[in-house]
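Written below as structure tokens is the structure these notes are about.
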Amino acid sequence: MFKLRLGVSSYSFWHFRGEKVPIETVLRHARRMGLDGVEILHVQMASEEAGYVMGLKREALLQGLDLYAISIHQDFVSSDVEERARQVDHTKGCIELAYRLGIPAVRLNSGRWKTIKSFDDLMAARGVEPPLPGHTEDEAFEWVIECIRACLPLAEERGVVLALENHWGLTHTPEGVLRIVEAVDSPWLKTTLDTGNFLEVPYDKLALLAPHAVLVHAKTYFGGGEWYTLDLDYVRIAEILKDVGYTGYVSIEFEGKANALEGVPQSVALIRSAFEKLS
């Protein structure tokens, strides 16, 4: 029997538009929906001051919830050595933040070239963009691998797993994700499996990454997607996860235009129903 540990990303309640929804509010919504935990979107936090951070930890305890992941924004794809060093320092700071919160996993991106400036235009290009003039994809992969390796000693010391997501840029294909993970070759680098970031027929691609996953992002699109809408077969996805013995969190990322107070409960019902079919 597959035991579902179901949580929600705080991103589900705030899509980088308008006033940030407080993490404390997300925790209370999660408890009311009977969820097991919450994933924190780093940029949604009000601060990193000790009082605020410890307050979130206390609130999670009072609500009976795990804080199981923090999703950060860093970008290792840069030809500038000093910029890559800044990004490594940022990532290390987020590892320390996760440790303070008792969070065991940090969601990473690889980064991207940013030769397509607008995110809307990037989505129109299906997440694929050309390299900077004078540079190659191979160079970018080496930058990312080097930067992740620089973060690993601290990750291991703090007991925080780095979870590289299939996202845009170098990780828009499973082969790109695996190229990085296999080159780094560390038990402290695993993957975040995002169900909505492979835009064409995702199931075989998800199956390639599933054995390496320590976190799953379950995208939903009630009310139509903010940037695109996918019709995902969550029974099939649940079977992929069951086949590899996945036991981690399934973290809802509601990315629809419906009000989150409607769309997130609908998402909870959708995911629970799909996984119950495996019982």
Answer with one residue from Val201, Pro211, Pro187: the one whose Cα lies farthest towards the positive end of the charge dipole of segment 147-219, charges on Cβ with Lys, Arg +1 and Asp, Glu -1. Pro187
State the percentage of accessible surface on segment 40-89 attributable to carbon and sulfur atoms; use a 1.4 Å probe and exclude ligands, DNA and RNA. 52 percent
Note on the chain, DSSP bridge orientation, antiparallel percent to nearest 5 equals 5 percent
List the equivalent ellipsoid semi-axes of the chain in whole Å, largest first, each obtained as the square root of 5λ for an eigenvalue λ of the Cα gyration tensor. 27, 22, 19
Determine the dipole magnitude for the chain: charges of +1 sit on the beta-carbon of Lys and Arg, -1 on that of Asp and Glu, nothing else is charged, the reference point is the Cα centre, and the result goes in debye to the nearest 20. 1000 debye
Just the number please: accessible area per residue for the chain, 1.4 Å probe, all protein chains included, in Å². 43 Å²
In square angstrom, rounded to the nearest 10, how much accessible surface does Arg112 have for a 1.4 Å probe? 40 Å²
How far is it, in nm, from the label point at Asp185 to the one at Arg28 when both lie 7 Å from their Cα along the line to the Cβ? 5.1 nm
Looking at the calculated P(r) for segment 225-271, what percent of the C-alpha pair distances fall above 15 Å? 53 percent
Taking 0.36 nm per residue of sequence separation and subtracting the Cα-Cα distance, how much length would be gained by fully extending the chain between Leu132 and Asp36, in nm to one decimal? 30.3 nm
Residue of Ala163, Ala207, Ala50 that the Gaussian network model of the chain assigns the largest fluctuation, springs spanning Cα pairs under 10 Å: Ala50
Stretchable slack from Arg5 to Asp80, in nm (0.36 nm times residue separation minus alpha-carbon distance): 22.9 nm
Restricting the count to DSSP beta bridges whose residues both fall in segment 139-279, what percent are antiparallel, rounded to a multiple of 5? 5 percent
What do you reckon, how do Val106, Val128 stack up by accessible area (1.4 Å probe), largest on top? Val128, Val106
Using each residue's phi in segment 18-31, evaluate 6.51 cos²θ - 1.76 cosθ + 1.60 at θ = phi - 60° and report the 3J(HN,Hα) Karplus result to the nearest Hz, with x for Gly and Pro. x, 5, 5, 7, x, 4, 4, 5, 4, 4, 5, 4, 4, 5
Given H placed 1.01 Å from N in the peptide plane, which residues other than close sequence neighbours of Leu193 have an amide H under 5 Å from its amide H? Val214, Leu215, Val216, His217
Cα-based Rg of segment 1-109 per 2.2 N^0.38 Å, rounded to two decimals? 1.14
Run the dipole for segment 208-275 about the Cα centre, Lys and Arg Cβ at +1, Asp and Glu Cβ at -1, nothing else charged, and hand back the magnitude in debye, nearest 20. 120 debye
With springs connecting C-alpha atoms under 10 Å apart, model the chain as a Gaussian network and identify which of Ala150, Ala124, Ala213 has the largest mean-square fluctuation. Ala124
Farthest toward the dipole's positive end in segment 1-78, which of Ser71, Gly55, Val38, given Cβ charges of +1 (Lys, Arg) and -1 (Asp, Glu) about the Cα centre? Val38
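The values are calculated or read from the model by the stated rules, or taken from the named source; none is laboratory data. Just so you know, these numbers come straight off a predicted model, no measurement behind them. For neighbour counting, all protein chains shown are included, and Cβ atoms are generated from backbone atoms with ideal geometry for every residue, glycine included. Heads up: the accessible areas ignore ligands, DNA and RNA and are worked out on the full protein's heavy atoms, side chains in. Shrake-Rupley method; radii C 1.70, N 1.55, O 1.52, S 1.80 Å.
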